[in-house]
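Enquirer: One structure follows; several queries about it will come next.
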Amino acid sequence: MSHLHLPWRALLGALLLAASCLTAAAAPAALVLDDRQARVEAWPAVTVMVDASGKLDLAQVLAAPERFEPPTTAYATLGLNRDATWLRIPFSVPAEAREPRVLDIEYAPLNRVDLFLVQDGRVVQQAQMGNLQPFAERPIASRTHSVELLLLPGRDYQLLLRVQTLGARILPISFNTLSAFHARALGEQMLQGLLAGLGLCLVIYSLIQWWGLRDTLYLKYAILTTASLLFSVAQFGIGAQYLWTDNLWVEIKAPGLLALIAGAGTFLFVEHVLAGPDAGRYFSRVMKGGAIFLFGVALAYALDLIDVHLVSLVVGTVVLAPALMGMPGAIRRARRGDAIGGYFLVAWAGYFVTTALMVGLIKGRVDWGFLSMHSFQIGATLDMLIFMRVIGLRAMAAAAAAEHVHRERDVLLSLAHTDPLTGLPNRRGLNARLGAALPRCSPDHMLAVYMLDLDGFKQVNDRFGHDVGDELLVAVAQRLKAHLRSSDVVARVGGDEFVVMASGPHNERQAHDLGSKLLEAFEAPFDLSRQRCSVGLTIGYVLVPHDGTDAVDLLRRADAAMYLGKQSGKNCLRRGELDLVLE
């Protein structure tokens, strides 16, 4: 029966042989740096070896090539690990190649990278890079970690890199021609300059608004925007290149401190905007407590009481709290049509997506690329712009509320100074107008004040009812205004008593003529909706300043003149004690 197993044994052997061939084929092939490719990414050829002890030297590493294995993490990232890690990159330079090559590692926060260029088992070039190295001592004065390689055509090389860093081991390594290196560096500098310039403009604007308006929301926005801006500046090496060159404490501490401060500013900003019935009873207390906690963690980190891994844990958890806590209130606002709630939801959606990309890259689960590398910066810029829009909407809402208050105040003031039936100024409104006009009067620019009383109004009211009487009063008001200038004032100060203020008569004759004109205007009957009726006028008037300058006394004298006219037979015009009766 054993012969029956021979085919199966042969098949098993063939499968094992095929598997070994596939495994051998899976080993990374050496790179070829020919002049046709201006940029060659190194990751496809990378194998790694972790040195947990941190004590392996170059000779030991060269003697153990079998310990190098292809990375199991995402493209160009090895995740978070404090252990020293060796990278091996085999490559060859064709005989016809003439372009110099620059090795570039496009992740500024790496603490230390030791480079060994090996050919035929011996080191032909050695360099040290990393943000712990003074900027002036870097092989190339660049925001990234780069060095020009000393290569000879027609040779095979292996590049050994020893990487040790407290943060993420993101390793976008590439071999570039000089022109490609400078073009890529210039493009990134332009991008960082544009984004930094935008952030700086927003910070300056918010500080100016805070100083001018004394609105602390602008200050809170300035805190989170400044911290986010400087975090990006630190993360992409711009800070070490231009701002805090050779200050190693700032270079090491800045990313963690700025991330914590940005988180604290976000707590304060979101609380300021969303605090209210929609947010919940303890929302403000918890949000302010979160800001205080993050400021405390930042202080502890600055004093070396905690390490960067604890800071990363806090940033990855607590900093999400403003969005999680503010989301219910934002959803309630959005449902009732408040644009502020909708903008917050958009900002947080972008924040969660970009943060997830960045965290995945840091932990070695998301491939390195332009989007993932710049995801936090994109999300922070989006948040800065949306939050500024939120401030604008809030300012517009505050302005609308203030305008509504002013409008209500004006309405109340108008109601207090206006007769509700005719829409004319009442006695209070008349006093205000008269008080404002008296100081401007002079012998050459007089003011005539007429007290008018309707003749026959009581009979109309008694015969046809109050509805007809009210309609007649409205018609009287309209007729008076029709026979006066727009600058003149008509007021209703009693049941059927009106006052007219006419500015500009140069003498008593002009004032008398205007009064006569008003008397003549009431000779025609009033055609109301249901009745036709007639009423006349009795007018008493005074001239300012000839007859006085006290408002109360002037009205009293005009009223007395009108009363004398009533006693004299009505339908007449009188000035003070002068008997000027119009028959």
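Enquirer: Among Val315, Val311, which is outside the structural domain of Arg169 (by TED's automatic domain parsing), surrounded by 20 or more Cβ atoms within 10 Å (Cβ to Cβ) and within 19 Å of Trp348 (Cα to Cα)?
Expert: Among Val315, Val311, only Val315 is outside the structural domain of Arg169 (by TED's automatic domain parsing), surrounded by 20 or more Cβ atoms within 10 Å (Cβ to Cβ) and within 19 Å of Trp348 (Cα to Cα).
Enquirer: Can I ask one more? Which residues, taken from the stretch 521-544, are of a type outside the set (A, V, I, L, M, F, W, C) and out of contact with any Pro (no Cβ under 7 Å at 6 or more places or on another chain)?
Expert: Glu523, Pro525, Asp527, Ser529, Arg530, Gln531, Gly536, Thr538, Gly540, Tyr541
Enquirer: Here is a further query. Taking the condition touching a helix residue (DSSP H, G or I) at 6+ places or on another chain (Cβ under 9 Å), touching a residue at least 40 places away in the same chain (Cβ under 8 Å), assigned to a loop (DSSP other than H, G, I, E, B) and closer than 24 Å to Ser375 by Cα, does Pro71 pass?
Expert: no
Enquirer: Based on this model, can you work out whether Leu357 counts as assigned by TED's automatic domain parsing to the domain that holds Ser568 and surrounded by 15 or more Cβ atoms within 10 Å (Cβ to Cβ)?
Expert: In short, no.
Enquirer: Please indicate, with yes or no, whether at least one residue in the stretch 463-473 is under 57 Å from the mean Cα position of the chain (by Cα), under 29 Å from Leu554 (Cβ atoms) and surrounded by 15 or more Cβ atoms within 10 Å (Cβ to Cβ).
Expert: Yes: one or more hits.
Enquirer: Right, next: Please go through (1) at pLDDT 95 or above; (2) among the polar types (S, T, N, Q); (3) within 23 Å of Ala59 (Cα to Cα) for Thr165 and return the number of the only condition it doesn't satisfy.
Expert: Unmet condition: (1).
Enquirer: Any residue that is out of contact with any Pro (no Cβ under 9 Å at 6 or more places or on another chain), closer than 22 Å to Ser372 by Cα, outside any strand (DSSP E or B) and not hydrophobic (A, V, I, L, M, F, W, C) - is there at least one of those in the stretch 153-167?
Expert: The answer is no, given that none of the residues of the stretch 153-167 is out of contact with any Pro (no Cβ under 9 Å at 6 or more places or on another chain), closer than 22 Å to Ser372 by Cα, outside any strand (DSSP E or B) and not hydrophobic (A, V, I, L, M, F, W, C).
Enquirer: Continuing with the same structure: Here's a check for you: in the stretch 299-355, which residue that is without any contact (Cβ under 8 Å) to a residue 60 or more places away in the chain and assigned to a loop (DSSP other than H, G, I, E, B) is nearest to Ser372 (Cα to Cα)?
Expert: Ile306
Enquirer: Looking at (1) in contact with a helix residue (DSSP H, G or I) (Cβ under 9 Å, 6 or more places away or on another chain); (2) buried (at least 21 other Cβ atoms within 10 Å of the Cβ); (3) within 30 Å of Glu41 (Cα to Cα), can you tell me which one Gly350 breaks?
Expert: Unmet for Gly350, out of (1) in contact with a helix residue (DSSP H, G or I) (Cβ under 9 Å, 6 or more places away or on another chain); (2) buried (at least 21 other Cβ atoms within 10 Å of the Cβ); (3) within 30 Å of Glu41 (Cα to Cα): (2).
Enquirer: If you don't mind, another one. For the stretch 204-225, name all the residues that are under 13 Å from the mean Cα position of the chain (by Cα) and under 13 Å from Gly265 (Cα atoms).
Expert: Once the filter is applied, which keeps residues that are under 13 Å from the mean Cα position of the chain (by Cα) and under 13 Å from Gly265 (Cα atoms), the stretch 204-225 yields Leu217, Tyr218, Leu219, Lys220, Tyr221, Ala222, Ile223, Leu224, Thr225.
Enquirer: Sticking with this one: How many of the residues in the stretch 192-228 are aliphatic (A, V, I, L, M) and either at positive phi or touching a residue at least 60 places away in the same chain (Cβ under 8 Å) (or both)?
Expert: 5
Enquirer: Same structure, new question: Can you find a residue in the stretch 543-563 that is basic (Lys, Arg) and at pLDDT below 90?
Expert: no
Enquirer: Restricting to the stretch 91-118, count the residues that are assigned to a strand (DSSP E or B) and free of Cβ contacts under 8 Å to residues at least 60 places away in the same chain.
Expert: Qualifying residue count, the stretch 91-118: 7.
Enquirer: Hey, could you check the stretch 485-527 for residues that are of a type in the set (A, V, I, L, M) and surrounded by fewer than 19 Cβ atoms within 10 Å (Cβ to Cβ) and say which is farthest from Asn426 (Cα to Cα)?
Expert: Here the answer is Ala524.
Enquirer: Something else about it: Is one or more of the residues making up the stretch 205-214 within 24 Å of Gly341 (Cα to Cα), in the same structural domain as Val311 (by TED's automatic domain parsing), touching a Ser or Thr at 6+ places or on another chain (Cβ under 9 Å) and not acidic (Asp, Glu)?
Expert: Looking for residues that are within 24 Å of Gly341 (Cα to Cα), in the same structural domain as Val311 (by TED's automatic domain parsing), touching a Ser or Thr at 6+ places or on another chain (Cβ under 9 Å) and not acidic (Asp, Glu), one finds none in the stretch 205-214, hence no.
Enquirer: Considering each of Ala136, Ala64 in turn, give the residue that is of a type outside the set (S, T, N, Q) and within 49 Å of the chain's Cα centre (by Cα).
Expert: Ala136
Enquirer: Restricting to the stretch 83-110, name every residue that is within 19 Å of Met49 (Cβ to Cβ) and in contact with a helix residue (DSSP H, G or I) (Cβ under 8 Å, 6 or more places away or on another chain).
Expert: Those that are within 19 Å of Met49 (Cβ to Cβ) and in contact with a helix residue (DSSP H, G or I) (Cβ under 8 Å, 6 or more places away or on another chain): Trp86, Arg88, Ile89, Pro90, Phe91.
Enquirer: Would you mention how many residues in the stretch 386-419 are of a type in the set (D, E, K, R), more than 16 Å from Phe344 (Cβ to Cβ) and part of a helix (DSSP H, G or I)?
Expert: Number of matching residues: 5.
Enquirer: Could you please let me know if Leu160 is at pLDDT below 95 and among the hydrophobic types (A, V, I, L, M, F, W, C)?
Expert: no
Enquirer: Filtering the stretch 120-147 down to residues that are surrounded by fewer than 16 Cβ atoms within 10 Å (Cβ to Cβ) and of a type outside the set (A, V, I, L, M, F, W, C), which residue is farthest from Ala95 (Cα to Cα)?
Expert: Pro134
The values are calculated or read from the model by the stated rules, or taken from the named source; none is laboratory data. If you're wondering where the values come from, they're calculated on a predicted model, not measured in any experiment. Please note: Cβ atoms are built from the backbone with ideal geometry, for glycine as well, and neighbour counts cover all protein chains shown.
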